[in-house]
Amino acid sequence: MDVILLERVEKLGAIGDVVSVKNGFARNYLLPRKKALRANAANKKVFEANRAQIEADNANRKGEAEAFSKDIDGKSITLIRQASNVGALYGSVSTRDLVEALEADGTKISKNQIVLDRPIKNIGLHTVKVQLHPEVSVSIQVNVARSPEEADLQAQGVDVAASMFEREESGFTEDYDPNAEPGESALVRDEAPEQA
């Protein structure tokens, strides 16, 4: 299906471009969200008549997004979650969690503005893209940790997940007795009374 784009769509085109897309993408995404019009003679005339207004509206929205982006660009949020000893979260961090954390920090954005390729499923520092406008995107830093102290260490640049594996847990070493029976420990054998 051929459509006329009413705004810039990533990997597709800019305002006014006539592009060919799959029918489902046009019907389910572009047309309902007012990002495009069907490319027929009547719609082409309507678009050309309103082109200046459409471009002016887009420029206004882009200016507002750029002004707002200065407040949010590079912002860091911390999320405390339960995780296993190897750093895997019990659950995951989704876009809803990020929106709630940003709102608690005083920044109002919607879920569809956060571009999360896949849910965050382990502790550490993660960079997340926020798309404020089709032409304006910023990134935020998400610090996922098990405790506030761990979050502070990660913010300082310490890789907590890697340091868990590097620590050598010493303390218990098993004595080796070459004469012990299978399944018998060295300590139990030494304490057993001698039989005459």
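Would you mind ranking LEU5, LEU79 so that the residue whose beta carbon has the fewest other beta carbons within 10 Å leads the list?
Placing the least packed residue first, the sequence is LEU79, LEU5.
Pull up all non-local amide H partners of GLU7: gap of 5 or more, or a different chain, and H-to-H distance under 5 Å with H placed in the peptide plane.
So GLU7 has HN proximity to GLY16.
Give me the distance in nm between label points sitting 7 Å out from Cα along the Cα-to-Cβ direction at SER137 and ILE54, one decimal.
For SER137 paired with ILE54, the spin-label model returns 2.3 nm.
Neighbour counts of other C-beta atoms within 10 Å: give me LYS11, LYS45 arranged from fewest to most.
Fewest-to-most ranking of LYS11, LYS45: LYS11, LYS45.
Answer rounded, prolate or oblate for segment 2-66, using the Cα gyration tensor with square roots of eigenvalues a ≥ b ≥ c: rounded when a/c is under 1.5, else prolate when a/b is larger than b/c, else oblate.
Oblate, because a/c is 1.5 or more while a/b does not exceed b/c.
Along the Cα→Cβ direction, 7 angstrom out, place labels at ALA42 and ASN112. What is the inter-label distance in nm?
For ALA42 paired with ASN112, the spin-label model returns 2.5 nm.
How many percent of DSSP beta bridges within segment 76-166 run antiparallel, rounded to 5?
Taking every DSSP beta bridge with both residues in segment 76-166, the antiparallel ones total about 75 percent.
Arrange the following residues from fewest to most other Cβ atoms within 10 Å of their Cβ: LYS111, LYS62.
LYS111, LYS62
Please turn the phi angles of segment 36-41 into ³J(HN,Hα) values with the Karplus equation 6.51 cos²θ - 1.76 cosθ + 1.60 (θ = phi - 60°), one per residue in order, whole Hz, x for glycine and proline.
Calculated HN-Hα couplings, in order: 7, 10, 4, 8, 10, 4 Hz.
Amide H to amide H under 5 Å from SER139: which residues, 5+ apart in sequence or cross-chain, H placed 1.01 Å off N in plane?
Amide H neighbours of SER139, under 5 Å, 5+ apart: GLY74, VAL130.
Quick note: the coordinates plus some simple rules give every number you see, no bench work behind them. All of these numbers come straight from a predicted model, not from anything done at the bench. Cβ atoms come from the backbone with ideal geometry, glycine included; neighbour counts cover every protein chain shown.
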